[in-house]
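Following: one structure in structure tokens, then a few remarks.
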Amino acid sequence: MIEELLFATNNQHKLKEIREIIGQTFRIISLKDVGFTGDVPETQETIEGNARQKARFIFEKTGRPCFADDTGLEIDALDGRPGVYSARYAGEGCRFEDNIVKILTELQGVTNRKARFRCVVCLIIDNQEHLFEGKVEGTILADKRGSDGFGYDPVFLPDGETSTFAEMPPYLKNGISHRGKAVNKMVRFVQK
């Protein structure tokens, strides 16, 4: 049974969210915990490719059981954009706010605002890769609502909900989110 897993990310928001999702099931350690301070590459053309690339890179550097995720927001009216480029949609070094402004500008006057968050987690144990996917369907709102969460959370309203991800307490968001679904699949796999 695995007691600790290394999460291959420098994103502190994701680290906090993953720890909340996993709880006490096993210990999640960060790159900082193992003394890794470099950049983790994500140069692939797909969400799956980026998750694999990040996990493999950190596994080869550390030899530890590890996992990485990549997430994309796919908007139907934008032909699936920003997708794999979600984190840097408004350009390299952009802020979350810049990305939101860009998609809201592109969606002005558009009635079909259907979208989904998709997350792929790549787990590497004993040099074997395992992929887990989570998805949540929703709608892009015309205005931001809420101050929790990160990324596109203030404009994403999950289907069947009255609150955006940014308006939800973490336990509620993590229970229905794309990342929560993918990570919970990974947890069940590791516990087998």
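The values are calculated or read from the model by the stated rules, or taken from the named source; none is laboratory data. On a predicted model such as this, the values are computed, not experimentally measured, just so you know. Counting neighbours? That spans all protein chains shown, and the Cβs are built from the backbone with ideal geometry, glycine included.
Scan the range 151-163 residue by residue and report those that are touching a Phe, Trp or Tyr at 6+ places or on another chain (Cβ under 6 Å) and not charged (D, E, K, R).
G151, F156, listed by residue number.
Could you pull out the residue among L5, L107 that is of a type in the set (A, V, I, L, M), touching a residue at least 60 places away in the same chain (Cβ under 8 Å) and touching a Lys or Arg at 6+ places or on another chain (Cβ under 9 Å)?
L5
Please tell me if G72 is within 19 Å of the chain's Cα centre (by Cα), closer than 23 Å to G149 by Cα and part of a loop (DSSP other than H, G, I, E, B).
Against the criterion (within 19 Å of the chain's Cα centre (by Cα), closer than 23 Å to G149 by Cα and part of a loop (DSSP other than H, G, I, E, B)), G72 does not qualify.
Looking at the range 94-112, can you tell me whether even one residue there is in contact with a helix residue (DSSP H, G or I) (Cβ under 8 Å, 6 or more places away or on another chain), modelled with pLDDT under 95 and closer than 18 Å to K14 by Cβ?
yes
Considering each residue of the range 11-24, count those that are loosely packed, with under 15 Cβ neighbours inside 10 Å and outside any helix (DSSP H, G or I), and give that number.
2
Take R145 and tell me if it is at pLDDT 95 or above, of a type outside the set (S, T, Y), surrounded by 15 or more Cβ atoms within 10 Å (Cβ to Cβ) and in a loop (DSSP other than H, G, I, E, B).
Against the criterion (at pLDDT 95 or above, of a type outside the set (S, T, Y), surrounded by 15 or more Cβ atoms within 10 Å (Cβ to Cβ) and in a loop (DSSP other than H, G, I, E, B)), R145 qualifies.
Rundown of residues vs (1) of a type outside the set (D, E); (2) surrounded by fewer than 21 Cβ atoms within 10 Å (Cβ to Cβ); (3) part of a loop (DSSP other than H, G, I, E, B); (4) within 17 Å of the chain's Cα centre (by Cα), yes/no style:
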residue: K54; (1), (2), (3), (4): yes, no, no, yes
residue: F57; (1), (2), (3), (4): yes, yes, no, no
residue: A68; (1), (2), (3), (4): yes, no, no, yes
residue: A90; (1), (2), (3), (4): yes, yes, yes, no
residue: A115; (1), (2), (3), (4): yes, no, no, yes
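Residues checked against (1) within 17 Å of H13 (Cα to Cα); (2) without any contact (Cβ under 8 Å) to a residue 24 or more places away in the chain; (3) acidic (D, E):
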residue: K114; (1), (2), (3): no, no, no
residue: F117; (1), (2), (3): yes, no, no
residue: F132; (1), (2), (3): no, no, no
residue: E137; (1), (2), (3): no, yes, yes
residue: F150; (1), (2), (3): yes, no, no
residue: D159; (1), (2), (3): no, yes, yes
residue: K173; (1), (2), (3): yes, no, no
residue: V187; (1), (2), (3): no, no, no
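Is it the case that some residue within the range 35-52 is under 15 Å from I125 (Cα atoms), surrounded by 14 or more Cβ atoms within 10 Å (Cβ to Cβ) and either of a type in the set (G, A, S) or modelled with pLDDT of 95 or more (or both)?
Yes, because at least one residue in the range 35-52 is under 15 Å from I125 (Cα atoms), surrounded by 14 or more Cβ atoms within 10 Å (Cβ to Cβ) and either of a type in the set (G, A, S) or modelled with pLDDT of 95 or more (or both).
Within the group F165, F150, which residue is crowded, with 20+ Cβ neighbours inside 10 Å, under 15 Å from the mean Cα position of the chain (by Cα) and of a type in the set (F, W, Y)?
None of the others qualify; the one that does is F165.
Residues in the range 81-120 that are of a type in the set (V, I, T) and farther than 27 Å from V183 by Cβ: how many?
Residues in the range 81-120 being of a type in the set (V, I, T) and farther than 27 Å from V183 by Cβ: 4 in total.
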